[in-house]
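Participant: The structure that follows is given in the form of structure tokens.
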Amino acid sequence: MSADMRTEDYPEEIDEQLTGFDSSVSSIKTMLEQLMAMPRNDLLQQLDPLDRAKLDLMSAYTLNSLFWMYLVTQGVNPREHGIKQELERIRTYMNRVKEITDKKKASRLDKGAATRFLRNALYDPAEKDSKKKAASKKTADAAPDTPQMKRPKRS
């Protein structure tokens, strides 16, 4: 078919949108072929539990979204259909998985390292010298003026 023939079948205003839709459907088809090439059990065994949850949620959301589109093409208002609640439920679980993923990525605070970092960052050599002088002065003040006698050795 030529490009002129295509624009005669539908209004020109939606040509760009239909081209984008066609490319999206083609990319989805390619992804699904890759996903379907491997048995699901084999695929799930290769994934950790969090990735399994992501895959299951993505599959459920995709199928429900396609059903939403089907309802629209049939003239049914999907906002009044039960599919809306199902999509919201799946989104809730997707947000939970995202929170778990974010917690895993969050850095942990090493309190010992942070303490050493701050102590060294705030280090003042003059302050250390003054502390040493104060400590030696205290020991000097505590020493009595009279010399203490040594105890005699026992034999």
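The values are calculated or read from the model by the stated rules, or taken from the named source; none is laboratory data. The shown structure was predicted, so the numbers you read here are calculated from the model rather than taken from an experiment. Cβ placement follows ideal geometry from the backbone for every residue including glycine, while neighbour counts extend to all protein chains displayed. Note: areas computed on protein heavy atoms with side chains; ligands, DNA, RNA excluded. Shrake-Rupley method; radii C 1.70, N 1.55, O 1.52, S 1.80 Å.
Participant: Compute the Rg to Rh ratio over region 34-91 from the alpha carbon atoms, using the Kirkwood formula for Rh, and round to two decimal places.
Facilitator: Rg/Rh: 1.11.
Participant: Can you tell me the relative contact order of region 47-104? Whole percent, Cα pairs under 8 Å, sequence separation 6 or more.
Facilitator: Relative contact order comes out at 43 percent.
Participant: Accessible area per residue of region 47-104 at 1.4 Å probe, in Å²?
Facilitator: Accessible area per residue: 72 Å².
Participant: Using the beta-carbon distance between residue 93 and residue 37 and R0 = 30 Å, what value does 1/(1 + (r/R0)^6) give for FRET efficiency, to the nearest 0.05?
Facilitator: 0.65
Participant: Quick check: at a probe of 1.4 Å, how many percent of the accessible area of region 47-104 sits on carbon and sulfur atoms?
Facilitator: 57
Participant: Once both labels are modelled 7 Å past Cα along the beta-carbon direction, what's the residue 55-residue 106 spacing in nm?
Facilitator: Label-label distance for residue 55 and residue 106, simple model: 2.8 nm.
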